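**Q** Dropping the structure in here first, questions after.
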Amino acid sequence: MSSLDLRRLHQLHLIDVAIAEIKNRAAALDPGRKIQASLQQVQSQLDEASQRLRALQGEQSDLELKQKGIDAKLQKTDREIYGGSVVNAREVENLEKEVASLKRQRGEIDERLLELWETIPPTQKEVGDLEAQQAKLKQDLSVHQKTVMKEKEQLEAAFRQRQQERPAALAQVPKPLLVRYDAIRQKAAGIGMADVVRNGFCGSCGTHLPEKLIESAREGRVVTCESCHRILYLSEGLI
């Protein structure tokens with residue numbers, strides 16, 4: 001096997017390495033999982049805070065209606081007591097008891113409304129802050145996804161280009177060498193060749209190569225790394 005054949009195989013190998021790298025980068029593209037997780041958490045907090053706010057505001061509305069109802073009853077009772085329409089002492093006594101009960105209810109409502117007036121504004125602020133966080137995260141996610149989509153398109157273009165280059169490189173490699181290369185690729189994560197790097201190491205697995213193996217690679221013979229079993233390629237002037 002000539003060194004020219006190995007050089008041609010190495011050209012094919014470089015294309016295959018580029019394709020593998022493109023696939024790995026594409027698989028590693030993050031659609032924004034961390035932002036989506038934060039968004040989901042904020043959404044959960046917002047739902048809970050909004051529910052609390054609605055409950056507080058609903059309670060406030062109900063109490064204000066009851067307050068108006070009690071005020072109307074008190075006005076009516078006052079007219080009955082002091083307007084002369086009720087003269088019977090027992091009836092007056094009963095109305096006075098009713099007035100006292102209504103005033104107690106009114107006092108309890110007033111006390112709870114004061115609590116609500118103190119509680120609702122901070123809850124409204126909490127909801128507002130969470131809505132702002134949600135909007136910011138949605139914007140961040142949109143920007144991130146657009147960036148990822150652009151990178152994905154670039155990777156797809158690079159992948160198509162490399163795929164178009166491969167048939168021509170493939171045709172230059174002798175069949176027996178190609179068969180051996182493909183067999184190694186199937187067992188070695190799609191990478192069938194490795195460069196001999198400076199100081200005599202396998203550029204793929206990092207194993208230190210025996211000098212005899214390096215000499216064989218230098219002479220253009222097909223030799224493989226004793227560790228990863230990939231075909232070794234020695235660039236001119238590397239060592």
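**Q** Tell me whether region 152-166 contains one or more residues that are part of a helix (DSSP H, G or I), modelled with pLDDT under 95 and within 19 Å of Asp16 (Cβ to Cβ).
**A** Within region 152-166, not a single residue is part of a helix (DSSP H, G or I), modelled with pLDDT under 95 and within 19 Å of Asp16 (Cβ to Cβ).
**Q** Do you know which residues across region 126-181 are more than 31 Å from the chain's Cα centre (by Cα), surrounded by 14 or more Cβ atoms within 10 Å (Cβ to Cβ) and free of Cβ contacts under 8 Å to residues at least 60 places away in the same chain?
**A** Result: Arg180, single match.
**Q** Let me ask you something else. Within the bounds of region 30-45, is there any residue that is closer than 22 Å to Asp140 by Cβ, basic (Lys, Arg), within 38 Å of the chain's Cα centre (by Cα) and open to solvent by 40 Å² or more (accessible area, probe 1.4 Å)?
**A** Yes, there is a match, as at least one residue in region 30-45 is closer than 22 Å to Asp140 by Cβ, basic (Lys, Arg), within 38 Å of the chain's Cα centre (by Cα) and open to solvent by 40 Å² or more (accessible area, probe 1.4 Å).
**Q** Ok, one more. Scan region 18-29 residue by residue and report those that are in a helix (DSSP H, G or I) and surrounded by fewer than 17 Cβ atoms within 10 Å (Cβ to Cβ).
**A** Within region 18-29, Ala18, Ala20, Glu21, Lys23, Asn24, Arg25, Ala26, Ala27 qualify.
**Q** Within region 189-225, which residues are farther than 25 Å from Val179 by Cβ and either of a type in the set (Lys, Arg) or assigned to a loop (DSSP other than H, G, I, E, B) (or both)?
**A** Arg198, Asn199, Gly200, Gly206, Pro210, Lys212
**Q** Within region 110-122, can one find any residue that is at pLDDT 95 or above, over 27 Å from the mean Cα position of the chain (by Cα), under 30 Å from Ile22 (Cα atoms) and surrounded by 12 or more Cβ atoms within 10 Å (Cβ to Cβ)?
**A** No, region 110-122 has no match at all.
**Q** What are the residue pairs meeting all of these: first residue in region 67-80, first residue assigned to a helix (DSSP H, G or I), second residue among the charged types (D, E, K, R), Cβ atoms under 7 Å, and 6 or more apart or on different chains?
**A** Every condition considered, the pairs that remain are Gln67/Arg106; Ile70/Arg106; Thr77/Glu98.
**Q** A further question on this structure: Does any residue in region 187-210 that is free of Cβ contacts under 8 Å to residues at least 24 places away in the same chain come within less than 6 Å, Cβ to Cβ, of a residue that is of a type in the set (Val, Ile, Thr) and surrounded by fewer than 21 Cβ atoms within 10 Å (Cβ to Cβ) six or more places away or on a different chain, and which pairs are these?
**A** Gly203/Val197
The values are calculated or read from the model by the stated rules, or taken from the named source; none is laboratory data. In this text, all values refer to a predicted model and were calculated from it rather than measured experimentally. Cβ: placed from backbone, ideal geometry, glycine included. Neighbour counts: every protein chain shown. We work out accessible area using only protein heavy atoms, side chains counted, and drop any ligands, DNA or RNA first. Shrake-Rupley method; radii C 1.70, N 1.55, O 1.52, S 1.80 Å.
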